[in-house]
Amino acid sequence: MSAFFSTTAGSANDGANKNHIVLLVGGTGVGKSTLINAIVNHFRQGTVDNIKIAISTHYYKNVTERDLYRPDSENDIENVTTSTTNGCYNYEFKDPINHRRFTFIDTPGLSDTRGIDQDKINIDRITHAAMKTGHLSAIVVVASGTEARVTASVQNTLVLLAGNLPDDITNKNLLLILTKTDRTGACFSLRDFAMKVAKPYEVFYMNNTIFSSDPATWRNDGELREEVDINWQKSQRTIRKLLDTIASLQASSTQSFHKMKQARDMIMVQITAIMMDIGNLNAVEEKLDAVRIGLSNSKSDQQKYASFKTTTISTKTEMVESEHHNTLCREHVNDNIICHENCVLQYTPNGDRAIFKDCACMSGNRCDKCGCGPDRHMHVKQTVQVTTPSIEETLDHMKKAQHDRELQLQSQYINQENQMQQDKNMIESAMKTKYQQVESLCHELQGICKRFNFVNELNAIVAVLKSKAASSTSMKVRADADQIIKNLELLADQLTNRGI
């Protein structure tokens, strides 16, 4: 089953039947799935004594709404630190009174205890879910209203959200739901949220703890039962208000999500090309050093060497344009790996990466070429080109050379040095152009999402660049690479700080 799953079929219609699509996002364990259960009860006339369950909880393991059941979406419901939602799932409802249609997309929780890599996977899934919709009526951030301070987990969640939600949507279609509390008991800092993410269009307070409390503790206790009834009624009224607010908002296109993804992919392509250029520069510098040593020796003692020609091969690797789409791994493209050349899958850069499960390079959920999963691959019209130009070098292993032959040898050395210097200049110029493209793409990204975290985005890339530079045997190449790295780090800091 696909990671993007719809519980019912149907498409958006005009007028009263317009489909209002809502993306639910938030940290792990804040109550997104519980909110879905509350919404299900609103649309399906659930009551305290007849609770409708679409997503299992600790005390309500039996799913009553079988048409909404997602058997492959649940992790351990007892572990609140790990997201119980693995993929992005649609829940579609139709209001029987005014015939309005709503699609709520439940997404994986952020700040998962499985670590940064899992958060990256979850953000990727959320982004793809948003892109698939074409338009969003609202992005609803769900947070725990009982968080009195910005913990490390909350801080990480806010940073992830702020850096991946386009400004044109958050400025007009952002709503905030504070769970596990009412307005009087909430201690969540709205000021911090507005500073780190954006100011929400409206804030809702909802206590849905009935789904996470033992019915045996309140069902036969008059005072507790009364409190549960009151919270239930408040929650249902809040849901109605939430639906009315969503319906009143002008839906926004998700095109900006597409643009963010394309810019990020192209940054990776350009950085990979720069790393290849560093390797090419190092190879040219080594050849130049050999030629200069040969020229120096020839000049110092013209009678010492005779001519003896041999041909050596200088391998050059670079990213070049391709006439067809190739499947490349985002993690291993620098290793000169083309996972599937001339891939004919019907895929666009804006599509769901789960389609790569059907690529010829895949065996199950792993690529035969790089070993990574389908969601780490991309389609680009780029390929790795390895060329092996021959360079004639004149090396001497025979003594008593003629004076005029030694002069000819020196001329050959000089010609080789001039040619290699031209090649070096061309590579350095290409590197400069690629860095300028990276810089331009970063500014484009910030124009879409001013709080995009460039430090996080470029951190892994810079680490690989540093490793590549450290392996260079040429001090000049290493110095050039170090300067590019410094420029990238400075750019990341400047853009990230500017967006805070």
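Here are some residues: Thr209, Thr181, Thr157, Thr217. Which one is in contact with a Ser or Thr (Cβ under 6 Å, 6 or more places away or on another chain) and more than 17 Å from Val25 (Cα to Cα)? Talk me through it step by step, then tell me what you get.
Numbers: Thr209 fails: in contact with a Ser or Thr (Cβ under 6 Å, 6 or more places away or on another chain); Thr157 fails: more than 17 Å from Val25 (Cα to Cα); Thr217 fails: in contact with a Ser or Thr (Cβ under 6 Å, 6 or more places away or on another chain).
Result: Thr181 is the single residue among Thr209, Thr181, Thr157, Thr217 that is in contact with a Ser or Thr (Cβ under 6 Å, 6 or more places away or on another chain) and more than 17 Å from Val25 (Cα to Cα).
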Quick one: how many residues across the range 431-457 are modelled with pLDDT under 80, assigned to a helix (DSSP H, G or I) and either among the hydrophobic types (A, V, I, L, M, F, W, C) or open to solvent by less than 70 Å² (accessible area, probe 1.4 Å) (or both)?
3
I need the full set of residues from the range 197-234 which are free of Cβ contacts under 8 Å to residues at least 40 places away in the same chain and of a type in the set (Ser, Thr, Tyr), in order please.
Thr209, Thr217
Considering only residues that are of a type in the set (A, V, I, L, M), surrounded by 17 or more Cβ atoms within 10 Å (Cβ to Cβ), outside any strand (DSSP E or B) and modelled with pLDDT under 85, which ones fall in the range 303-351?
Val333
Can you find a residue that is within 28 Å of Leu136 (Cβ to Cβ), open to solvent by less than 30 Å² (accessible area, probe 1.4 Å) and in the same structural domain as Val142 (by the TED database) anywhere in the range 217-230?
no
Pick from the range 93-125 the residues that are hydrophobic (A, V, I, L, M, F, W, C) and under 18 Å from the mean Cα position of the chain (by Cα): which of them is most open to solvent (accessible area, probe 1.4 Å)?
Ile116
Inspect all residues belonging to the range 178-196 and state whether any of them is touching a residue at least 60 places away in the same chain (Cβ under 8 Å) and not in a helix (DSSP H, G or I).
yes
Residue identified as within 30 Å of the chain's Cα centre (by Cα), in a helix (DSSP H, G or I) and at pLDDT 90 or above among Ile239, Ile246, Ile230:
Ile246
Which one of the conditions (1) among the charged types (D, E, K, R); (2) open to solvent by less than 40 Å² (accessible area, probe 1.4 Å); (3) within 15 Å of Gln270 (Cα to Cα) does Glu428 fail to meet, given that it meets all the rest?
(2)
Residues of the range 1-59 satisfying the condition of being in contact with a Cys (Cβ under 9 Å, 6 or more places away or on another chain) and at pLDDT below 90:
Ala3, Phe4, Phe5
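The values are calculated or read from the model by the stated rules, or taken from the named source; none is laboratory data. Here the structure is a predicted model, which means the values were calculated and not measured. Note that we place each Cβ from the backbone using ideal geometry, even for glycine, and neighbour counts take in every protein chain shown. These area figures cover heavy atoms from the full protein model, side chains too; ligands, DNA and RNA do not enter into them. Shrake-Rupley method; radii C 1.70, N 1.55, O 1.52, S 1.80 Å.
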